[in-house]
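Okay, structure first, notes after.
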Amino acid sequence: MPEFVYYEILGNSIHTYIIALIIFLIIFFWTIIFRRFFLKKAKNIVEKTESKRDDIIIKNISSISKIFYIVVCVYIPLQYIKINNQINYFIEIIFLWIVIREFSSFLIKIIKHILEKNISKHNWKKDTTRINLFHITTKIIVYVIWWLLLLSNIGIEITPLIASLWVVWIWVAFALQKILWDIFASFSIFLDRPFEIGDFIIIWEDSWIVKDIGMKSTRIQTLQWQELIIPNNEITSIRINNYGKMKKRRIAFNIGVIYQTDPSTIEKIPSIIKEIIEKTENTEFSRAHFIEFWKSELNFEIVYFITTKEFEIYRDTHQKICLEIMKKFKKQWISFAYPTQSIYIENQKK
């Protein structure tokens, strides 16, 4: 090996610089192969799979900035070269900054994908306030951890800093106790999903429609178009009957016919009602029975289901069934009962 390669420049031999250059070229070469060929091939493979998770991972890896690859290509060869301590310290900070930033960005994108997937799955698109709150909070947590890792790796003692943050947090928690309870309750509503915007709910035996779910309070609207604002902390501690979660609605009602009705006709009535309900859209027949001898009528109990939670469809369908029963009974000469009282007077001979 020629002697000139052992000449030193700025404390390093030319041989050392050559090795560092070779390492740089190798890493740079494989970086290009990784970006242009491996990622492209992996993208074509995952596009053919049914799972969307691998698509998101490859997409986020592909979105890693070129600065990250440049920093890696430069940083690793520099480890073989003696550099001034201050310059080396500065390079360490830049390298850690870029690496932790890219990792944090990758993590935030994954969390965002999970959040958007849940939004699509549960149809929460209208509930943007708490979704944005959840996303922003996640970003804050990730970035705080990013800064703490960076400070810790560059030699700054973070224990006193964390202790100071806890003191500040405790002070803020006491000062804003009620507001924080409402915000935490908002997260509880977001995760537990007891109701959603547009749901018809019953609170305190009154009927309401959920209009908006905010960070601090929930706005609900009465059927008389009045708006009521309830703190989230309060609404998570009360009993709620949510009609918005119904998949179908159970309907039970009674009809009565007169005592003069022939027993053979009484026997046919359940079949007549069953036929009417089964021919009606959005219904599932359950049962129809003659159940009792009532004061002035022979009582029948009918149960069926409306296969939708929409209140107007329920009312329209039930009205249609009732009208069809009336028409059918009229054709069969079946008379509905109504409150009557018969008085029998006994003639006594004196």
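The values are calculated or read from the model by the stated rules, or taken from the named source; none is laboratory data. Just so it is clear, the model here is predicted, and its values are computed rather than measured. Positions of Cβ are generated from backbone atoms using ideal geometry, with glycine treated the same way; all protein chains shown enter the neighbour counts.
The criterion of at least 2 residues that are modelled with pLDDT under 75 and under 30 Å from residue 144 (Cα atoms) is met, among helices (runs of 4 or more DSSP H) falling completely within region 1-111, by 53-62. Summed over region 214-254, residues that are of a type in the set (D, E, K, R), surrounded by fewer than 12 Cβ atoms within 10 Å (Cβ to Cβ) and closer than 29 Å to residue 323 by Cα total 2. Selection of first residues in region 79-98 that are more than 26 Å from residue 15 (Cβ to Cβ) and of second residues that are at pLDDT 75 or above and surrounded by 14 or more Cβ atoms within 10 Å (Cβ to Cβ), restricted to Cβ pairs under 6 Å at least 6 apart or on distinct chains, gives the following pairs, ordered by first then second residue: 98/68; 98/71.
Being surrounded by 10 or more Cβ atoms within 10 Å (Cβ to Cβ) and over 15 Å from residue 259 (Cβ atoms) is the filter; apply it to region 328-350 and report the residue that is modelled with the lowest pLDDT.
Let us first name the residues in region 328-350 that are surrounded by 10 or more Cβ atoms within 10 Å (Cβ to Cβ), namely 328-330, 332, 334-337, 340.
Still in the list and also over 15 Å from residue 259 (Cβ atoms): 328-330, 332.
Numbers: 328: 93, 329: 92, 330: 92, 332: 88.
Residue satisfying both the conditions and the ranking: 332.
Scanning region 272-321 for residues that are touching a helix residue (DSSP H, G or I) at 6+ places or on another chain (Cβ under 9 Å) and aliphatic (A, V, I, L, M) yields 272, 273, 276, 277, 288, 298, 302, 306, 321.
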